[in-house]
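The values are calculated or read from the model by the stated rules, or taken from the named source; none is laboratory data. Predicted model only: the values in this text are computed from it and were never measured. Cβ atoms come from the backbone with ideal geometry, glycine included; neighbour counts cover every protein chain shown. For the accessible areas, the whole protein counts, side chains as well, though only heavy atoms, and no ligand, DNA or RNA atoms are used. Shrake-Rupley method; radii C 1.70, N 1.55, O 1.52, S 1.80 Å.
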Amino acid sequence: MPGSLRPRSLAAQIAWLLGIALLVAQLVNLALILNERQKLSLAQNEGPAITRFADVAGDLAAARAEFHAAVLQDNSHRGARFALAAASRVADGERLRTTEDRLARALALNGIVATDVRAGHGTPPPRDAGRRQRRDAQILRLAMRRPGGDWLVGQMMTPRRDPWFAARLAAATLLLYLIVLGPTLWLATRIARPLRNLTRAAERFRGRTDPAPVAAEGPADLRVAIEAFNAMNARVVSLIDEKDRMLGAIGHDLRTPLASLRIRVESMDPEDERAAAVAKIEEMTAMLEDILVLARSGRAREEARAMDVAALAEAIVEEYADRGQPVRFAPSPRAVLGVQPTLLRRGLRNLIDNAVLYGGSAEVAVIARGDRIDLQVTDNGPGIAEDELERVLQPFYRIEGSRNRATGGSGLGLAIARSVAESHGGTLRLEPAHPTGLIATLALTRPAGDGSDTTLHAGLSTGI
């Protein structure tokens, strides 16, 4: 069966398989019924008529010619008519080969020699045309050629085959489908609905917000699975919270000795060694801050607020411009979105820093596109190779091989930006710009209640 026609959902697959099984079973049952019905029809309807015809043929063969008319008249009663005729009165199109074989065997058992036999369903003779016939009856015409060349012809009323048999069988099949498939579909839907809810909850949960518990419904084993899933989500959140607390404690414990070390180093001589030591301490402090921001962005406790994203981006650009950085903001319409402003500022700054550091300049624009908002930062840097676009999003990965923050940073800037996007339910994508440069797409999803999705774009040419 082609993949496009194969049902995908659990309920549809169960209904499809059960429907096919019922169809095969009904076809087998129909073949058996038709076979037995044919045998029963021959035994009950045609059997007595054939026996009666063979008896009349035997009586006629035993009687002298002058008594033939009396024999035929005596046996022509109770719906049967017998006569001697020059033709069989059975048209070729009416012949019943199976009945003829049975008639020939019956005649042979009675010791009657027949050079030819005919059997078929006929119409009432003219003298019966005006009589009221039973609707469930039909005429069976039997004939045998006698040694003298004439034909013994007999016609008898036999029960007609049920014309509504196929319709009743179809109705019974439909009723069977309703009786079997109805409860099956109900049960499959009852199982599939909680599974769909479980799948959606698993897709939505990324460990960055408190998971919405899935209602335990359906059969007992499915309810147990849903409850286990809810408990697992709670354990994952607890582990993430514990990790955040541990990193916070480590950061606090490291900041204090670093600050004390810097105070001591600032009194060192000579001056060039003191400056180098202070620079190393500042680098360690900055890297520690990046690590803590990356760790905490996933479970940020900041409340989402509706803000004008264009105003937020313009304010960040003004900060760079005040410091003499080559960052420009293109006038953009107002675009309101529910965001975590501190996190969003940090992620956007990281992307702009990359654009300025590796592209030499940045141009920021906010473009509203229906239910999306595109925040774009464009540069003309050398860009990133296609095979590096995904790897530069990993923590501590740098295209530039040195560990000097002045030349390559810590390798956490893009990882932090991606974490910011994921904390808003979105993603970060990197795409080459044309003719040169790179565009990073920070795709953010509106929080529940905002009514649409939002996408922010930032351009840069390499990772920190």
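Observations, loosely collected:
- Sorted largest first, the principal axis extents computed over the alpha-carbon atoms of the stretch 173-247 equal 68, 20, 11 Å.
- Cα gyration tensor category, rounded, prolate or oblate, for the stretch 189-325 with a/c compared to 1.5: oblate
- By accessible area with a 1.4 Å probe, ligands and nucleic acids excluded, highest first: order of LEU60, LEU181: LEU181, LEU60
- Across the stretch 304-371, Cα-Cα pairs more than 13 Å apart make up 63 percent of the total.
- Label sites at GLU282 and VAL28, each approximated as a point 7 angstrom past Cα along Cα to Cβ, lie 8.5 nm apart.
- Low-density loop positions, trypsin sites (Lys or Arg not before Pro), the stretch 307-392 - DSSP coil, at most 10 other Cβ in 10 Å: ARG323, ARG334
- Anisotropy class of the stretch 221-283 from Cα gyration tensor, a/c 1.5 cut: prolate
- Contact order normalised by residue count of the stretch 187-232, Cα under 8 Å, 6+ apart, percent: 37
- Solvent-accessible area of VAL265 with every protein chain in place, 1.4 Å probe, in Å² to the nearest 10: 10
- Largest-first ordering by accessible area, 1.4 Å probe, given options SER267, SER260: SER267, SER260
- Assigned charges on the beta-carbon of Lys, Arg, Asp, Glu; the stretch 209-285 dipole about Cα centre (debye): 180
- Residues HIS434, HIS424, HIS121, sorted by accessible area with the largest first, give HIS434, HIS121, HIS424 [1.4 Å probe; ligands and nucleic acids excluded].
- Label-point gap, in nm, between GLU431 and MET268 - each point 7 angstrom along Cα→Cβ: 4.9
- Listed peptides 184-195, 168-179 by packing density, highest first (mean Cβ within 10 Å): 184-195, 168-179
- Accessible surface for ILE240 stands near 40 Å², nearest 10, in the context of the full protein assembly shown (1.4 Å probe).
- Length available on full extension from GLN73 to ARG200: 0.36 nm per residue minus the Cα-Cα distance, which gives 37.0 nm.
- Accessible surface of HIS77 - all protein chains present, 1.4 Å probe, nearest 10 Å²: 70
- R0 of 41 Å, Cβ-Cβ distance TRP16-ASP210: FRET efficiency to nearest 0.05: 0.55
- Extension reserve of the ALA249-ARG190 stretch, reckoned as 0.36 nm per residue once the Cα distance is removed: 16.5 nm
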